[in-house]
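Working notes, beginning with the structure itself.
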Amino acid sequence: MEANQVNDQVIKQLLYQKKYKELVERAREVGLVKQYSKMKYDGIIYSIGQIVQLSVDGNRDKKTYGKLIGFCNLEVDEYLIPMIKVQKYINKLELPQKLKELQDGISEFELFQSEIEEWLFCTQIDHEIKLISIKEYEEMMIQNERTYFTRADYNMEKDKFNPPISKWGRICICNQISNPDKSYIQCDKCQKWLHYECAGVQAQLAQDISFYCAMCRKK
C-alpha cells in the first residue's frame, strides 16, 4: 500500500473518531493543511480573536464557547474540510461537580477563559458573542442573549480561578457572590443592595415602596 493511501486511511480514521487535534497534526505532517487568518462561513467572515458560541457535536441544543485562534482547510479525497481552532471558555454548567456550591453566584451569561485549546469543524459556529466585564454587564440598561461577561479565568488542569473566588465581589447581608441574574432592591438610605428574599420584600411591590434595610431601620 502506498504511503499516501496509508495517510488517507489514518486521516479518515481520526476524522471518524473525532480526534481533531491528532487529525490536524497528521494532515499537516503530510502537507494537507492550508492555514488562514480569516474564514467565511454561512455568509459571515470570522477573524482571529472573535469569541463565538458553538454547538456540540452537531447538537444545536448543547452550547459551548471559544475564542477563535486559528483557521485551516484539510484536503481529504479532493474535498476541503474547514476547521477552526478555539481557546475554550467555560460556562457554569461545565464547571466541575465539586464547584456546584458556586452555582447560585454564577450567572447564566458568565464565562471563564480556560487554558484548553481544541480543533473543531467550522460548522459548529452558531454566531459571534460579545464578552465584557461584570461591571459593564451590571451597568447595561438592556441585556441581550449575545452579550456575556467574565470576571475570572479558570485553569481546568490546576483547578484554579484567577482572580480567586475570595476576590470576587459580594453583595447583600447574606454575603453571596454577586450574580447579575438575580433581582435586588436598594436601601434608600445606605444605598446597599439586597436580594428581595433577604430584604423580605415581594418583587411585585419593590418598585412601589420606599425601602430601608434592617440596619438603617434600627438607626
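Annotations
- Any hit, region 129-139, residues being part of a loop (DSSP other than H, G, I, E, B), in contact with a strand residue (DSSP E or B) (Cβ under 9 Å, 6 or more places away or on another chain) and either modelled with pLDDT under 95 or under 30 Å from ASP42 (Cβ atoms) (or both): no
- Pair list, Cβ under 6 Å, 6 or more apart: region 104-118 residue over 17 Å from ASN162 (Cα atoms), other residue modelled with pLDDT of 95 or more and surrounded by 19 or more Cβ atoms within 10 Å (Cβ to Cβ): PHE109/TYR148
- Cβ-Cβ under 7 Å pairs, at least 6 apart or on other chains, region 29-57 side closer than 15 Å to GLY70 by Cα, far side open to solvent by 80 Å² or more (accessible area, probe 1.4 Å) and among the β-branched types (Val, Ile, Thr): SER37/ILE48; LYS38/ILE45
- Hits in region 147-181 (condition: in a loop (DSSP other than H, G, I, E, B), in contact (Cβ under 8 Å) with a residue 40 or more places away in the chain and surrounded by 12 or more Cβ atoms within 10 Å (Cβ to Cβ)): ARG151, ALA152, MET156, TRP168, ILE173, SER178, ASN179, PRO180, ASP181
- Every condition in (1) touching a Pro at 6+ places or on another chain (Cβ under 9 Å); (2) hydrophobic (A, V, I, L, M, F, W, C); (3) part of a strand (DSSP E or B) is met by ILE116 except one, and the failing one is (1).
The values are calculated or read from the model by the stated rules, or taken from the named source; none is laboratory data. This is a predicted model, so every value here is computed, not measured. Cβ sites come from the backbone with ideal geometry, for glycine too, and all protein chains shown count toward neighbours. The accessibility values were calculated without ligands, DNA or RNA, using every heavy atom of the protein model including side chains. Shrake-Rupley method; radii C 1.70, N 1.55, O 1.52, S 1.80 Å.
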